Every structure is written in structure tokens, then in C-alpha cells.
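Visitor: My structure is below; once you've seen it, I'll send some questions.
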Amino acid sequence: MKRNDKMARLLAEFPAGELTDDDVPPMFREVVAQGWSYTPNGARVLNGLVPESTGSYFDVLQEETSINGRGMTDYDLPVPESERTGPLLRRCLAYAFACLVEAEREFGDQDVRSYLVLSLGGVDDDLLTATVTFCTHHPNAAPYIRDIENVQDAAVAELTLSDLGVWC
């Protein structure tokens, strides 16, 4: 797993332990259940997140990240960061790995990556929020997040299916 110092500290402070399907919010469980497919451009996308009308994208990476990126459900979590961080991180990890398992089943490889980003957001940039985005590495495109280890303004991790063993 690639991660920056902020994410390493969060993972140490809030160990996720064994992840289960119940850790994935219901809306995201539905996304996992609908599986993956390819777009006509060759992008790997989660079927449950594909918009009804297709847009135009600069490249396959932009198509994957635009379709496969979502903010994690957090409206039911406490506002204080000390009570919010652990459950939010756990939800992100469980969703990411559930989708990565399904991607391997569909595509027969482990090329899909998941990017977790926890940062301050909300109306006043004072509420911890999170996003989970899926994409593959493409030889003719820049990586989704360059130099993850040096990101300063958020806790960031790149996960692959091989990282799952830590949470089983």
C-alpha cells in the first residue's frame, strides 16, 4: 500500500481490524453488487455508478475517476473528528476492498487501484470527509495521484487487492 504520513498515522491510531460487508454502507453495497464492466473507450467502471448520459472524457483515466469516484456516506457519523475518523476510515477500506475483489472477479487481474482520501471539507472546511476512487494505471496517462507519499493536505492511500490480507 502506498500512503502518506497522515494516512499512516490514521491507520495506526484507528486500526480497522477485520472488515466485513456490514462495514460498507447500504448504498455502496448495491454498487458492489452491480459489478464492473468496460466502457466503449476501455475504461473499467462500476456499473452502479455509470451515469445515464455519457460525457466526453480527455482520456480513459479521467473517465474512470469521474465515474468511479464518490464521497463516502458520513451523514450518520458524529461530527467530532475523534469519534468520526475511525468509522469513516473503516467504511472507506471495506468499500474499497469489496470493489477490488469484484474487479478481480470480473477482469481476471488486479490492475484496478483504489484511492482513499480523507480531508477536511464541509461548508467551513472543518468536517472530516472522505472519497474513494477507482482507476487503473495507463501507460499514456499520468497517475491519478502523483507522489502520494508527499501529499500534505490530506490523508491519502493507494490500495490494491494484495493489500487486503492486512484486514482479513
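The values are calculated or read from the model by the stated rules, or taken from the named source; none is laboratory data. All values reported here derive from a predicted model rather than from experimental measurement. FYI the Cβ positions are ideal-geometry reconstructions off the backbone, even for glycines, and counts take in every protein chain you see. Ligands, DNA and RNA are excluded from the accessible area calculation, which covers all protein heavy atoms including side chains. Shrake-Rupley method; radii C 1.70, N 1.55, O 1.52, S 1.80 Å.
Visitor: Is it the case that segment 19-31 has a residue that's under 19 Å from A141 (Cβ atoms) and buried (at least 18 other Cβ atoms within 10 Å of the Cβ)?
Guide: Residues of segment 19-31 that are under 19 Å from A141 (Cβ atoms), as a first pass: none.
No, segment 19-31 has no match at all.
Visitor: With respect to P40, is the statement that it is farther than 22 Å from P87 by Cβ and in a loop (DSSP other than H, G, I, E, B) true? Step through it out loud before you land on a result.
Guide: Values: farther than 22 Å from P87 by Cβ: yes; in a loop (DSSP other than H, G, I, E, B): yes.
Judged against the criteria, P40 is a match.
Visitor: If you don't mind, there's one more thing I want to ask. Of all the strands (runs of 3 or more DSSP E) wholly in segment 64-168, which have at least 3 residues that are open to solvent by 10 Å² or more (accessible area, probe 1.4 Å)?
Guide: Numbers: elements: 112-121, 127-136, 155-159.
By residue number, 112-121, 127-136.
Visitor: Can you tell me which residues in segment 70-97 are over 21 Å from L159 (Cα atoms) and small (G, A, S)?
Guide: S82
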